[in-house]
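The values are calculated or read from the model by the stated rules, or taken from the named source; none is laboratory data. Because the structure is predicted, anything quoted here is derived from the model rather than measured. No Cβ is skipped: glycine too gets one built from the backbone with ideal geometry, and neighbour counts run over all protein chains shown.
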Protein chains: 2
Amino acid sequence: MSFVQQLIEQIQDKKSVVCLGLDPRLDTEGQIPKYLIEENRNPNETILEFNKALIDHTYDLIPIVKPNIAFYERYDAIDALKKTIKYAEQKGVLTLLDSKRNDIGSTCEAYAYANFKVYKAQACTVNGYFGIDGIKPFLDYTNKGIFVLVKTSNPSSQEFQDLFSIKKSEIANKETELQIDSVRLERNYIHMARLIQEWSKELNKFQGYHNLGIVVGATFSHELKRIREIARNSIILLPGYGAQGATAKDIQFAFDNKGLGGIVNSSRGIMFAYNKSKKYSPDQFPEAAREEIKKMNFEINKFISL
Amino acid sequence: MSFVQQLIEQIQDKKSVVCLGLDPRLDTEGQIPKYLIEENRNPNETILEFNKALIDHTYDLIPIVKPNIAFYERYDAIDALKKTIKYAEQKGVLTLLDSKRNDIGSTCEAYAYANFKVYKAQACTVNGYFGIDGIKPFLDYTNKGIFVLVKTSNPSSQEFQDLFSIKKSEIANKETELQIDSVRLERNYIHMARLIQEWSKELNKFQGYHNLGIVVGATFSHELKRIREIARNSIILLPGYGAQGATAKDIQFAFDNKGLGGIVNSSRGIMFAYNKSKKYSPDQFPEAAREEIKKMNFEINKFISL
């Protein structure tokens, strides 16, 4: 069964578009609780225990989890990543590996294999700077999901992604500069969205969506609205909810009238929710996470009709 | 000592700008020899033995090696990667980890830590789509080298990198479209080169170069010439020599009159050189690699004066 079909069925079953980011941090106060670090022998064990407890207490409320591989690389804990992905799947939760890989040819094939066959994720994120050469090897796994960066949630995303540019097809010369009169320009991220729409033309759809998704920072609601008009059949992964400041109102434009079209990620906001309220002791981090997800679902479902 | 100083000293000592790409392939005919795969118990051992033999036979001819992490992830052989990096360093060869990581905030910090402290590379490649937020955490390691993608060697690099765009500073509105009269446009990769030049303004230089390098496909000599004019103080990593078709003549514009300014990568062309000539049996892959590097140095040094 294709990723997009599984995702939509999960969303409809659980009435939830919340994606739980699993980005373990071991060395920052108020993140993975100290007692867990002291109880275990190494980061692999600590992270796995932490992730499993989170999944155990939230699997019925979320369609998907999103581990960011950077943290597993940083703690040399790829084993914990693999076991987390396996565990989530056993609990009936989909997995989206946030790896933002990008390369070409057999190197890109190696990355796709690593994401889907070594780490065994059901979907992953990709950076589209290389063009289709960096996307095709991922698309060759026809049942897997791919989310391409379009407009990222960070402030300096404007430096490059917001440059106004002109469609390639209108120009075909070797020059690096151009002087033109009267032309319509669009921002780079709009062109990236157009490329994704083009690359996905032949893909199978389920309830109007295919496996080639996109990433748009939840912090940019104006941009999101325009991107949705272009990449009409892509599921939009929306990071930046909570800790980065985006609200339920900001992300409503991603969704159609059946409440489909997006998944909303929160990582720190859920994982370390125990830390935001005196109500919870550190060992109640899974209960705090569950409450936080319920709150997110309630807030988001006011704006979308699932 | 900073990466760029070590690199330049190595280049001048060895009179070589050749970068040996260490991209192990185990499942393709004519790549890592069969007898090595049969002799060893697992990919970690096979890859490490292969890489060590290559380094043993070439370390006096090359300033730097470039493992692409995709292949080590694909074969679940991160251990071989770490040991290869350590071994190269012991033999007096620098290491550039080709990982093209890209993210923001604490996630980006985690990637920088993984590249420099877990895998222990002396330099790495980065994708600049996020803007400075995705670069700064790497630059915070002030002695390490960073190479940002500008114009990649693959055919579809034109889809996005070659779009004509306009500098952000000239426009500051919320619109996603723009109608303007008479304006100077430059391609996206030119703007990326300008951003890199801007981000590197405060960096220390050695013989005119700093630690923030760039990546330009050796297959694009026309573009290379223009990029060199903009990013004047960046070492240029030039992939695409050999297997991808670029020649010594194509890459000359990267270099100044002391022969400095670039490193020229070849991976398959050197690693699997044994396969191109009847002269060598599979177990002579290290001798074939050495010959190939000598040939590359001879060809390249006709065009640059070291």
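Being within 20 Å of residue B:292 (Cβ to Cβ), without any contact (Cβ under 8 Å) to a residue 60 or more places away in the chain and of a type in the set (D, E, K, R): is that true of residue B:250 here? Here the answer is yes, as residue B:250 does meet what is asked.
Among the residues of region B:89-104, the ones that are buried (at least 17 other Cβ atoms within 10 Å of the Cβ) and either within 14 Å of chain A (Cβ to nearest Cβ) or more than 18 Å from residue B:8 (Cβ to Cβ) (or both) come to 8 in all. Filtering A:130, A:138, A:160 for residues that are more than 7 Å from chain B (Cβ to nearest Cβ) and at pLDDT 90 or above leaves a single hit, A:138. Checking each residue in region B:215-265 for being of a type in the set (Ser, Thr, Tyr) and outside any loop (DSSP other than H, G, I, E, B) picks out B:221, B:234, B:241. Would a scan of region B:285-294 turn up a residue that is in contact with a Pro (Cβ under 8 Å, 6 or more places away or on another chain) and crowded, with 20+ Cβ neighbours inside 10 Å? So far as region B:285-294 goes, yes, one or more of its residues are in contact with a Pro (Cβ under 8 Å, 6 or more places away or on another chain) and crowded, with 20+ Cβ neighbours inside 10 Å. If the condition is being buried (at least 24 other Cβ atoms within 10 Å of the Cβ) and either at the interface with chain B (Cβ under 7 Å from one of its Cβ atoms) or farther than 20 Å from residue B:108 by Cα (or both), then region A:108-121 contributes A:110, A:111, A:112, A:114, A:121. Counting only helices (runs of 4 or more DSSP H) that sit completely within region B:44-122, those holding 3 or more residues that are modelled with pLDDT of 95 or more and within 25 Å of residue B:238 (Cβ to Cβ) correspond to B:69-74, B:78-90. Note on region A:191-210: residues that are touching a strand residue (DSSP E or B) at 6+ places or on another chain (Cβ under 8 Å), among the hydrophobic types (A, V, I, L, M, F, W, C) and within 13 Å of chain B (Cβ to nearest Cβ) total 4. Filtering region B:9-31 to residues that are at pLDDT 95 or above and either among the aromatic types (Phe, Trp, Tyr) or over 19 Å from the mean Cα position of the chain (by Cα) (or both) leaves only B:13.
Listed here are the residues, each with its yes/no results for (1) under 23 Å from residue B:122 (Cβ atoms); (2) of a type outside the set (Val, Ile, Thr); (3) touching a Gly at 6+ places or on another chain (Cβ under 8 Å); (4) surrounded by fewer than 17 Cβ atoms within 10 Å (Cβ to Cβ).
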site	(1), (2), (3), (4)
B:7	yes, yes, yes, no
B:15	yes, yes, no, yes
B:34	no, yes, no, yes
B:40	no, yes, no, yes
B:44	yes, yes, no, no
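Residue count for region A:34-43 satisfying the condition of being outside any helix (DSSP H, G or I) and in contact with a Ser or Thr (Cβ under 9 Å, 6 or more places away or on another chain): 1.
So how many residues does region A:72-115 have that are of a type in the set (Val, Ile, Thr) and either under 16 Å from the mean Cα position of the chain (by Cα) or at positive phi (or both)? Total meeting the criteria: 3.
Scan region B:123-138 for residues that are part of a helix (DSSP H, G or I), surrounded by fewer than 24 Cβ atoms within 10 Å (Cβ to Cβ) and not hydrophobic (A, V, I, L, M, F, W, C) and the total you get is 3. Candidates B:242, B:217: the one that is on the phi > 0 side of the Ramachandran plot and small (Gly, Ala, Ser) is B:242. Tell me, yes or no, whether region A:270-277 has at least one residue that is over 20 Å from residue A:52 (Cβ atoms) and modelled with pLDDT under 95. Yes, region A:270-277 contains a residue that is over 20 Å from residue A:52 (Cβ atoms) and modelled with pLDDT under 95.
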